[in-house]
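The values are calculated or read from the model by the stated rules, or taken from the named source; none is laboratory data. Computed from a predicted structure; not experimentally measured. In this analysis, Cβ positions are derived from the backbone assuming ideal geometry, glycine residues included, and neighbour counts consider all displayed protein chains.
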Amino acid sequence: MGIEARLTEADIACWVVKSQKAPTTVAPGWRPGSVQQLTRCLRRSYRLELMRPGQRCLFWLSGRDQPGIHAIGTLAGWPPTSEAEVAVSLQRLHSPVRRADLVADHVFSRAEVIRMPAGSNPSYLSPDQLDRLRDYIEPEDWSSAGW
């Protein structure tokens, strides 16, 4: 295996913050269509230097129970805290995007979160992967999240 090249800002269209806990466990009462301000833990790496408030991000549920994209939004705070946490503002999707559907997609299947599911936070989507995501997210969720 070769060493992966360092990412640049141009490579990143959207940050992916992962959780093994469902949205309603992370934020009890979090209803589809509603927005939550959350703090997510990140792994310390050079990627944190590429993060800026207002950048797009999404909430990826890992594991066996309904894995996939459950919320979209933006980075709400910067810089990450000394504990490597970042504030995010996320709108829960009315219909989560199933991991199985994304794995079957010829563009999205190349996303880091699919290729390296055990990778650490944060992951990212490239511009073409984010563009493909439009096909899976309801237009009302896309526009109300400010995307």
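Which residues, counting only those in the stretch 66-114, are assigned to a helix (DSSP H, G or I), out of contact with any helix residue (DSSP H, G or I) (no Cβ under 8 Å at 6 or more places or on another chain) and either surrounded by fewer than 21 Cβ atoms within 10 Å (Cβ to Cβ) or small (Gly, Ala, Ser) (or both)?
Listed by number, the residues that qualify are 100, 101, 104, 112.
Can you pull out the residues in the stretch 10-30 that are closer than 18 Å to residue 129 by Cα and either in a helix (DSSP H, G or I) or among the aliphatic types (A, V, I, L, M) (or both)?
Filtering the stretch 10-30 for residues closer than 18 Å to residue 129 by Cα gives 10-18.
Once the filter is applied, which keeps residues that are closer than 18 Å to residue 129 by Cα and either in a helix (DSSP H, G or I) or among the aliphatic types (A, V, I, L, M) (or both), the stretch 10-30 yields 10, 11, 12, 13, 16, 17.
Suppose the filter is outside any strand (DSSP E or B), closer than 24 Å to residue 99 by Cβ and touching a strand residue (DSSP E or B) at 6+ places or on another chain (Cβ under 8 Å); does residue 33 pass it?
yes
Name the residues in the stretch 1-46 that are free of Cβ contacts under 8 Å to residues at least 60 places away in the same chain and among the acidic types (Asp, Glu), would you?
If the condition is that a residue be free of Cβ contacts under 8 Å to residues at least 60 places away in the same chain and among the acidic types (Asp, Glu), then 4, 9 are the ones that fit.
Hey, does the stretch 54-64 have a residue that's touching a helix residue (DSSP H, G or I) at 6+ places or on another chain (Cβ under 9 Å), over 19 Å from residue 12 (Cα atoms), charged (D, E, K, R) and modelled with pLDDT of 90 or more?
No, the stretch 54-64 contains no residue that is touching a helix residue (DSSP H, G or I) at 6+ places or on another chain (Cβ under 9 Å), over 19 Å from residue 12 (Cα atoms), charged (D, E, K, R) and modelled with pLDDT of 90 or more.
All but one of (1) in contact (Cβ under 8 Å) with a residue 12 or more places away in the chain; (2) charged (D, E, K, R); (3) not in a loop (DSSP other than H, G, I, E, B) hold for residue 49; state the number of the condition that does not hold.
With respect to (1) in contact (Cβ under 8 Å) with a residue 12 or more places away in the chain; (2) charged (D, E, K, R); (3) not in a loop (DSSP other than H, G, I, E, B), residue 49 is out only on (1).
Just need a number here: residues in the stretch 14-42 that are touching an Asp or Glu at 6+ places or on another chain (Cβ under 8 Å) and farther than 13 Å from residue 90 by Cα.
3
Answer yes or no: is there a residue in the stretch 39-50 that is closer than 19 Å to residue 87 by Cβ, of a type in the set (Ser, Thr, Tyr) and in contact with a helix residue (DSSP H, G or I) (Cβ under 8 Å, 6 or more places away or on another chain).
No; the residues of the stretch 39-50 include none that is closer than 19 Å to residue 87 by Cβ, of a type in the set (Ser, Thr, Tyr) and in contact with a helix residue (DSSP H, G or I) (Cβ under 8 Å, 6 or more places away or on another chain).
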